[in-house]
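Asker: Sending over a structure as structure tokens; questions will come in a sec.
The values are calculated or read from the model by the stated rules, or taken from the named source; none is laboratory data. Predicted, not measured: the structure shown is a model, and the values here were computed from it. So basically every Cβ, Gly included, is an ideal-geometry build from the backbone, and we count neighbours across all protein chains shown.
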2 protein chains.
Amino acid sequence: MSASMVFTDCSSSTNAARLLPLRRRRSPLLRTNNGVVFPRRLINPIRPEASQFTLLLPPSQLSAYSTRWKRKLQRQIRGEIAAEVLRMKDAIGIVPGLAVILVGDREESATYVSKKKEACEVVGINSFEVHLPEDATEQEVLNSISGFNEDPSVHGILVQLPLPSHMDEQNILNAVSIEKDVDGFHPLNIGCLAMRGREPLFVPCTPKGCIELLHRYGIPIKGKRAVVIGRSNIVGMPVALLLQREDATVSIVHSRTKNPEELTRQADIVIAAVGQTNMVRGSWIKPGAVVIDVGINPVEDKKKLSGFRLVGDVCYKEAKEIASAITPVPGGVGPMTIAMLLSNTLISAKRIHNF
Amino acid sequence: MSASMVFTDCSSSTNAARLLPLRRRRSPLLRTNNGVVFPRRLINPIRPEASQFTLLLPPSQLSAYSTRWKRKLQRQIRGEIAAEVLRMKDAIGIVPGLAVILVGDREESATYVSKKKEACEVVGINSFEVHLPEDATEQEVLNSISGFNEDPSVHGILVQLPLPSHMDEQNILNAVSIEKDVDGFHPLNIGCLAMRGREPLFVPCTPKGCIELLHRYGIPIKGKRAVVIGRSNIVGMPVALLLQREDATVSIVHSRTKNPEELTRQADIVIAAVGQTNMVRGSWIKPGAVVIDVGINPVEDKKKLSGFRLVGDVCYKEAKEIASAITPVPGGVGPMTIAMLLSNTLISAKRIHNF
């Protein structure tokens with residue numbers, strides 16, 4: 001089950017297009033199990049009653065379909081947030097604000113931060129940024145956090161990870177006021193997420209995005225078998241807690257699990273968040289299962305200008321033939337994460353101002 | 001899967017002795033798989049290297065054996081705590097103290113409280129008690145908690161549940177200082193339990209007792225399939241988090257799970273904490289699995305002076321024929337819970353006094 005072996009088997013070709021082949025096909029009509037034919041544009045998976053049809057489609061068509069709709073979904077959620085931001089501004093004159101603290105010059109981190117700022121702009125959320133040099137002291141970072149904690153125009157604070165190795169990450173994250181911890185990683189938040197009858201202030205963005213995807217596509221969770229692959233603090237563990245809150249029967253697969261394939265094949269919903277290129281093969285998927293791929297693994301690709309392409313934890317080419325719905329990488333969960341960050345910032349502003 | 005039906009099927013007789021038939025039998029010798037014969041008293045499951053033999057025994061003998069040893073285990077743990085309490089007193093003159101707040105006159109609660117006080121006495125921990133009348137105000141309870149929070153001779157505070165209905169339980173529990181919350185139910189504790197790389201101040205007593213049982217009997221957890229039946233805040237959820245910390249592959253079965261029997265039958269370790277008399281039948285257990293029964297359900301029994309007897313969530317009579325080890329009810333997990341309460345009080349005193 002070594003990653004390299006799996007990767008070689010599943011995607012020996014470096015042609016990125018082959019991983020998402022269906023995004024290029026277009027068929028104007030979709031046929032359901034009972035023979036009813038719809039023009040594609042009339043089937044709206046955003047509305048549950050319509051998206052039930054989605055589950056009846058042949059898997060290969062469905063994945064193409066999901067892919068196209070995912071972008072619309074992102075636009076739709078952003079639209080909803082923008083409308084609410086505007087309503088709040090009109091009613092009480094408050095504009096939600098998100099502050100991002102970036103330390104050092106990692107190109108990837110800078111890209112993420114600029115994506116977040118751009119997304120804020122689109123929905124009308126104010127964004128603030130502090131960019132500290134790689135050799136900044138921990139105290140300088142703590143000072144920035146403390147400033148944002150006290151700034152009433154800031155409702156969410158995000159420290160872009162990873163931090164330089166000379167800083168104590170836990171110490172820095174602990175300094176973020178829990179009322180502004182839009183990442184939702186504070187242990188108090190996680191505790192409330194785990195406990196019945198408690199409500200966390202914020203739900204971590206990527207797990208929240210996974211559940212939102214299922215909801216928006218009208219995919220039932222209650223009573224379903226769900227397998228989460230990976231048990232990280234930022235995705236696997238909280239998404240398992242969320243699925244359980246939604247009454248799924250949850251199993252968590254991790255590096256010590258014997259025969260992860262067998263357990264995964266029992267799942268109606270598979271969420272892969274393990275960071276291993278193409279680890280989840282087609283044979284791991286139960287026919288008709290819904291697959292959410294959280295992995296974003298860079299893989300060398302000489303045909304790309306950047307020299308690499310992004311690949312998920314799931315072997316898309318195999319899984320799409322078996323699953324009833326699957327998220328692509330990139331373009332699946334990623335955009336949802338940013339949308340949920342905006343959503344959390346809005347929630348924070350509304351709570352602080354009792355709106 | 002209604003409880004009454006299950007109960008009727010599994011233990012239609014009201015003869016309590018039939019549920020724990022093996023506690024009365026005595027066979028002087030135990031034979032392992034490879035034919036080696038030990039006198040019972042020489043096999044000490046407290047020491048892992050010896051208790052490995054336990055797993056090789058015929059199931060029926062093993063359960064009798066486990067039952068007898070459980071009491072010794074309780075004694076052993078209490079002995080260890082008593083020794084540590086003494087060592088602390090000798091070294092720094094501090095005696096750990098546990099405060100219990102009891103409200104109202106529920107007989108069951110009074111029994112639990114007196115058991116806890118008695119256990120404190122046995123190991124040399126000071127115990128304090130406040131007993132308020134049923135019609136006490138919430139403020140009176142909060143005042144008692146606040147007094148104990150500030151009292152340096154108190155290292156653990158326990159509010160006996162349930163509280164009278166006119167009180168806000170969450171509000172009262174939140175008032176207990178997290179440094180003295182030996183029950184470990186604070187969301188911050190639960191959050192730290194869920195997160196990798198974090199350590200809770202206290203692990204909730206019953207879940208901790210379950211894991212301690214597995215450890216003391218040398219039952220491996222790492223890489224094993226574990227099924228937790230029930231997802232309560234006080235047992236199911238935290239015990240699942242603990243099993244995961246020990247590298248088990250954990251699934252949680254609950255009221256919305258379809259076909260719980262099928263999933264449970266995959267487990268090497270079953271922890272039942274659902275509060276349904278005899279819900280887990282023999283057919284739910286994989287041959288050789290280890291079963292921990294946390295349920296304590298009172299069942300009418302006219303032959304008993306009290307008019308009832310206590311029965312677990314597992315149909316013991318059936319399960320003991322299939323499991324390789326099983327805890328009885330009563331006398332299995334219950335005594336471990338109290339032992340872990342003592343352990344948590346000791347841990348608290350040691351932490352507060354940096355010992």
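Asker: Scan the range A:226-247 residue by residue and report those that are surrounded by fewer than 22 Cβ atoms within 10 Å (Cβ to Cβ) and within 9 Å of chain B (Cβ to nearest Cβ).
Answerer: Passing the criteria: A:S232, A:N233, A:D247.
Asker: Something else now. Kindly indicate which of A:L73, A:L86 is assigned to a helix (DSSP H, G or I) and either under 24 Å from A:E179 (Cβ atoms) or of a type in the set (D, E) (or both).
Answerer: A:L86
Asker: Oh, and also: Picking from B:L193, B:L161, which residue would you name as being within 14 Å of chain A (Cβ to nearest Cβ) and either closer than 19 Å to B:K116 by Cα or without any contact (Cβ under 8 Å) to a residue 12 or more places away in the chain (or both)?
Answerer: That would be B:L161, the only listed residue that is within 14 Å of chain A (Cβ to nearest Cβ) and either closer than 19 Å to B:K116 by Cα or without any contact (Cβ under 8 Å) to a residue 12 or more places away in the chain (or both).
Asker: Something else about it: Filter the range B:311-352 for residues that are part of a helix (DSSP H, G or I), among the β-branched types (V, I, T) and farther than 16 Å from B:L213 by Cβ and give the result.
Answerer: Correct list: B:T345, B:I347, B:I352.
Asker: Here's something else I'd like to know. What's the number of the condition A:G331 fails, among (1) surrounded by fewer than 19 Cβ atoms within 10 Å (Cβ to Cβ); (2) out of contact with any Lys or Arg (no Cβ under 7 Å at 6 or more places or on another chain); (3) small (G, A, S); (4) more than 14 Å from every other protein chain (Cβ to nearest Cβ)?
Answerer: Just one mismatch for A:G331, condition (2).
Asker: For the range A:131-151, check the following and say yes or no: at least one residue is in a strand (DSSP E or B), hydroxyl-bearing (S, T, Y) and either farther than 18 Å from A:E169 by Cα or touching a His at 6+ places or on another chain (Cβ under 9 Å) (or both).
Answerer: Checked the range A:131-151: no residue is in a strand (DSSP E or B), hydroxyl-bearing (S, T, Y) and either farther than 18 Å from A:E169 by Cα or touching a His at 6+ places or on another chain (Cβ under 9 Å) (or both).
Asker: Out of all the residues in the range B:89-98, which are in contact with a Leu (Cβ under 7 Å, 6 or more places away or on another chain) and part of a strand (DSSP E or B)?
Answerer: Once the filter is applied, which keeps residues that are in contact with a Leu (Cβ under 7 Å, 6 or more places away or on another chain) and part of a strand (DSSP E or B), the range B:89-98 yields only B:L98.
Asker: Which residues, taken from the range A:288-304, are surrounded by fewer than 24 Cβ atoms within 10 Å (Cβ to Cβ) and touching a helix residue (DSSP H, G or I) at 6+ places or on another chain (Cβ under 8 Å)?
Answerer: A:G288, A:I296, A:V299, A:D301, A:K303, A:K304
Asker: Here are the criteria: (1) crowded, with 24+ Cβ neighbours inside 10 Å; (2) within 13 Å of chain B (Cβ to nearest Cβ). Tell me which single one A:R265 does not satisfy.
Answerer: (1)
Asker: Has the range B:204-221 got any residue that is within 9 Å of chain A (Cβ to nearest Cβ) and modelled with pLDDT of 95 or more?
Answerer: Among the residues of the range B:204-221, not one is within 9 Å of chain A (Cβ to nearest Cβ) and modelled with pLDDT of 95 or more, which makes the answer no.
Asker: Among what's in the range A:182-211 and is in a loop (DSSP other than H, G, I, E, B) and touching a strand residue (DSSP E or B) at 6+ places or on another chain (Cβ under 7 Å), pick the residue that is surrounded by the fewest Cβ atoms within 10 Å (Cβ to Cβ).
Answerer: The residue in question is A:D183.
Asker: Among residues belonging to the range A:218-240 that are part of a loop (DSSP other than H, G, I, E, B) and aliphatic (A, V, I, L, M), point out the one that is farthest from B:N259 (Cα to Cα).
Answerer: The residue in question is A:I234.
Asker: Please go through (1) touching a residue at least 40 places away in the same chain (Cβ under 8 Å); (2) away from chain A (no Cβ under 12 Å) for B:G184 and return the number of the only condition it doesn't satisfy.
Answerer: (2)
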